[in-house]
Every structure is written in structure tokens, then in C-alpha cells.
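Only the coordinates and a few stated rules stand behind these numbers; no lab work does. Since the structure is predicted, the reported quantities are computational estimates derived from the model, not experimental observations. Backbone-built Cβ (ideal geometry, glycine too); neighbour counts: all protein chains shown.
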């Protein structure tokens, strides 16, 4: 049962949101599902382009329209309770910290920021004001993902041994993601998914970046100032290994395998939101395939976050969860620069996913985004 349905909202209270950043992910994934959360409403939009913001506001019948330069005026207006933050990665702290300082809750897209230092500043602002900060890890509420976690915790796969994943998309050479170096490239944009998956499936924190190798393809049409494809090996306690490759120059692929002494689960798709996630399970000699319900990942996570706000509860994928992945990303950056393994400083996560926090809102179709385009060609 979802947190939202568990507590109910008979009093009709809703959390009032501003969406900050009106790129493809906000318009195509989050905004279409806000209305059917039942406990959230869209009341303001913030963009670097006023005309674009106004056009999107007209589509959703939203009165509050602000530019980035007017953000301070928005948070002082008293018209919002929370923001959904979908700016480029390196602009998260810029908007999250003033909002949190003002007591406004923040649902922030991953990665939480581009450094542990900036993410820690966001977390400190939340702690000081009492506002809630959630890293937008939508898979923490997705049925197939939570089913896999529950099976692992029940011992169905035995002792876990290895994780392997390939996650790629053919990025558009005109998209901003390929024009802003490593902090917009696949390491910060895509690697949080397999990194986060290794951590929630193993239920543990990696000890070492054993190896990280990046390649650049001149034929991609990308600027040659960042690695468009990166392969990583992580070591976890208990002799467990995790390997993944992320790429902006591979045809669409979205898959991972978690393997143990008794069985394995192959998730394909494993990270995407555009279709239902599916499992191929092997336990002993028995093979099973299961396609799960196609849910609204974005509306579901907003409904969960709003429930936490309304009920005075801390969200599970909080600031610490985002920082846990950033420490790994920073280790990968060091490994790429030095060509050497990188020990990760000790880290203990204080909270893990509850498999009962599943959200099952039905998937919503999305209109064509205004003034924004898909990151893929």
C-alpha cells in the first residue's frame, strides 16, 4: 500500500508545487501526472525563458509564471509549499538552498548536485529549516524494482555475487547534455541509475572503484571534451562486484542482471519510465518471465513526497541517498583522471528502501513539450 493511500487525504489538502526548469523531463514526464496524484497541485512555473514558461502555463492553466531571476520573489510569495527541481545538474543547489532556507520542500532530480560538497550544503539547509529534501529516485516506488528487492531480501537468489548493466541512448548532438562537459555527460546523467541499483540490490555501499575507463567517438558529432561512453567496476563488501557501462553513443539499451548463488534476475527494461519494466528470473533450473504494471513513475514519487510533507514524515530517498551516489561518482571521476583504483571513504546509509512503498498510479500520455526536445536523436 502506498504511503498516500495508507493515510488518506479526506481533508482535501494538497501540496502546492512550482516546477523549476521546463526541459523535456519536466514537461514529458512529471507535469502530465501531477493532477492525478490526488495530493499535489501545480501552481507555478520557473524557466529561463518567460515566453516558454507562459506557453506551458497556458497549457496547464497555471497562474504563477517566473523567470530564474525572479525565483526569490516566488519563494517569498507564500503561494507554494514545494518545488520540483529539474534544472541542469549543476544548478540544483542554486535553487534548492534558497527554497529550503525559506521552509519550502524540495523534490530534486538526480543527481542531487555535481559534488558531494554542494549536496551536503543542500542537506544542511533542509536540516536547519525543517523542510524536506527528496532525491527523485522514481524507481524506489516502481513495482518491478521493489519486487526484485523483496525477492533478494527473502533469499531467493542466495548469496549475491555480481551485478552487470548496460545503459545507453543515442544522444542528440544539439542537446545541452553533450555541450557541458562531464557534468552533463553520461556519468552524471545516466550512471546514477546503475549506481543506485547496485546499492539498493546489494543493500550495501561500495568500498572501491576498481576501474573506470572512458572513450570518445569523434564520429558521434559530440564535442570531444567529455567521455561519451564509460565502463566502471565497483567492489562491494563480501567479495561482490558490480560492473556497468553507460553511453551517449550506443543504441537504446536499458538492462541489468543481479546474480547470486541460487538464482538471478534480469531486468529489461530496468531503468526507463516509458514502458513497463520486466523481469526474467532464473532460480535453480526454473525460469520465469513477468511484465509488471506500467506505472506513472513521476506522479507516483510526487504523490509519495506530498504524503510525507502532509503527514510530517521524512522521505526515504532523502538527501543522504543522493549523496551516497555522488560519493561514488566522485570516485569514478578520480579513477578516470588517474587511471588508478580509488578507495571510497567509509559510508553507512542510515535508511533503506521499504518494499511496501510501491506506487501504482497508471501511466499518463504526454503532450509534445514546448520549447524543449528529447535528449535523443
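Tabulated values for the structure
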{"item": "Scan of segment 69-92 for residues that are farther than 11 Å from residue 112 by Cα and assigned to a helix (DSSP H, G or I), ordered by number", "result": "69, 70, 71, 72, 73, 74, 75"}
{"item": "Residues of segment 261-282 classified as in contact with a helix residue (DSSP H, G or I) (Cβ under 9 Å, 6 or more places away or on another chain) and part of a strand (DSSP E or B), total", "result": "6"}
{"item": "Test result for residue 177, in contact with a helix residue (DSSP H, G or I) (Cβ under 9 Å, 6 or more places away or on another chain) and either in a strand (DSSP E or B) or farther than 27 Å from residue 371 by Cα (or both)", "result": "no"}
{"item": "Selection within segment 190-222 - in a helix (DSSP H, G or I) and either more than 28 Å from residue 138 (Cα to Cα) or touching a strand residue (DSSP E or B) at 6+ places or on another chain (Cβ under 8 Å) (or both)", "result": "193, 194, 195, 197, 198, 201, 202, 218, 219, 220"}
{"item": "Subset of segment 26-50 [without any contact (Cβ under 8 Å) to a residue 24 or more places away in the chain and in a helix (DSSP H, G or I)]", "result": "35, 50"}
